[in-house]
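These notes concern the structure reproduced below.
The values are calculated or read from the model by the stated rules, or taken from the named source; none is laboratory data. A quick note: this is a predicted structure, and the numbers were derived from the prediction, not measured. Here the Cβ positions follow ideal geometry from the backbone for every residue, glycine too, while neighbour counts run over all protein chains shown.
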Amino acid sequence: MVRVVAGVLALMMVGSLAFVVVGTAGSGSNGEAAPPTLPVPDDCPADDKSDAPRLAFTSRPTWCLALGATYTAVFDTTEGDIRVALDKARTPETVNNFVVLTRYGYYDATMLFRFDPSIDIIQGGAPTTNDWSDRGPGYTIPDEGGEFLSTTSGQLLGPFTYQPGDLVMARSAGPNSSGAQFFFATGPRTSLLDGQGTYIVFGHADEAGVEVLREMMALYEVDETSQYGGGPSRDVFVRSVAIEVG
């Protein structure tokens with residue numbers, strides 16, 4: 001992974017959708033055609049996390065989201081709850097990936113290990129090492145949410161802009177390099193990344209969650225012995241992440 005460095009050009013570590021619709025025979029009692037049914041993949045995790053924990057995979061997740069449903073992630077942290085409406089419409093593959101990992105308990109009992117007030121981000125999602133060197137889940141997922149362009153200098157440019165409360169995938173500098181690590185945008189300085197725009201925004205916290213994030217960032221202290229230049233005055237953990245389906 002490429003390390004996040006403070007400043008405008010900071011780089012952060014931060015399959016295609018496929019399912020078959022099978023029609024059912026007959027019709028409803030009002031004469032309308034019965035709704036289609038979707039086959040349930042046999043490699044999706046249980047909704048209740050009974051298949052957890054699992055931290056290593058051989059390929060990216062199959063499609064496990066329900067047709068027409070909405071998804072909210074609830075982060076139970078040591079500093080308070082953060083509710084995030086996941087953006088299935090713009091970033092379905094990324095949301096599917098996050099939901100699957102969450103249901104495997106991937107993010108439970110993990111540290112929010114990087115606080116960077118120069119770009120107002122708090123990063124997590126590294127269950128093996130609790131730092132940016134984490135090996136990840138064993139795969140990466142495709143970029144999505146708009147057009148990604150490579151400049152003549154080899155820099156990748158994406159379509160995203162950032163505001164406080166955004167839940168964003170961390171990544172390396174290359175294309176299609178997101179996996180499991182994420183960061184929260186906690187303040188206006190995250191907009192310094194707008195010119196790059198490659199970090200995929202896949203959810204947004206409610207007002208109470210944004211306030212929790214601001215209070216987390218207020219814990220930051222400079223520490224020259226830290227590989228990140230500083231961190232919170234006390235360790236901040238994600239106790240668990242739950243997925244609510246609407």
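Taken over the range 151-180, the residue count meeting the criterion of being modelled with pLDDT of 95 or more and more than 30 Å from residue 54 (Cα to Cα) is 9.
Restricting attention to the range 48-95, the residues being closer than 22 Å to residue 206 by Cβ and either in a strand (DSSP E or B) or within 17 Å of the chain's Cα centre (by Cα) (or both) number 24. On the given criteria, is residue 157 under 17 Å from residue 193 (Cα atoms) and either over 16 Å from the mean Cα position of the chain (by Cα) or aromatic (Phe, Trp, Tyr) (or both)? For residue 157, the condition - under 17 Å from residue 193 (Cα atoms) and either over 16 Å from the mean Cα position of the chain (by Cα) or aromatic (Phe, Trp, Tyr) (or both) - is met.
Residues being out of contact with any helix residue (DSSP H, G or I) (no Cβ under 9 Å at 6 or more places or on another chain), part of a helix (DSSP H, G or I) and either under 12 Å from residue 73 (Cβ atoms) or not hydroxyl-bearing (Ser, Thr, Tyr) (or both) are entirely absent from the range 220-239.
If I filter the range 188-198 down to residues being outside any helix (DSSP H, G or I) and surrounded by 20 or more Cβ atoms within 10 Å (Cβ to Cβ), which single residue comes out as nearest to the chain's Cα centre (by Cα)?
Only one residue tops the list, namely 198.
Considering 112, 86, the condition of being of a type in the set (A, V, I, L, M), modelled with pLDDT of 95 or more, out of contact with any Lys or Arg (no Cβ under 8 Å at 6 or more places or on another chain) and within 26 Å of residue 234 (Cβ to Cβ) is satisfied by 112 alone.
Every condition in (1) of a type in the set (Phe, Trp, Tyr); (2) over 19 Å from residue 92 (Cα atoms); (3) surrounded by fewer than 20 Cβ atoms within 10 Å (Cβ to Cβ) holds for residue 132 except the one numbered (3). Scanning the range 135-157 for residues that are crowded, with 22+ Cβ neighbours inside 10 Å and more than 26 Å from residue 216 (Cβ to Cβ) gives 141, 143. Just name the residue that is farthest from residue 71 (Cα to Cα) out of those in the range 218-242 that are surrounded by fewer than 18 Cβ atoms within 10 Å (Cβ to Cβ) and among the aliphatic types (A, V, I, L, M). Among those that are surrounded by fewer than 18 Cβ atoms within 10 Å (Cβ to Cβ) and among the aliphatic types (A, V, I, L, M), it is 222.
Where residues in the range 115-129 are among the aliphatic types (A, V, I, L, M) and part of a loop (DSSP other than H, G, I, E, B), which of them is surrounded by the most Cβ atoms within 10 Å (Cβ to Cβ)? Looking at residues that are among the aliphatic types (A, V, I, L, M) and part of a loop (DSSP other than H, G, I, E, B), I get 126.
Of the listed requirements (1) in contact with a Phe, Trp or Tyr (Cβ under 6 Å, 6 or more places away or on another chain); (2) of a type outside the set (A, V, I, L, M); (3) on the phi > 0 side of the Ramachandran plot, residue 80 misses just one: (1). Of all residues in the range 163-187, those satisfying the criterion of being surrounded by 24 or more Cβ atoms within 10 Å (Cβ to Cβ), of a type outside the set (Gly, Ala, Ser) and touching a Leu at 6+ places or on another chain (Cβ under 7 Å) are 182, 184, 186.
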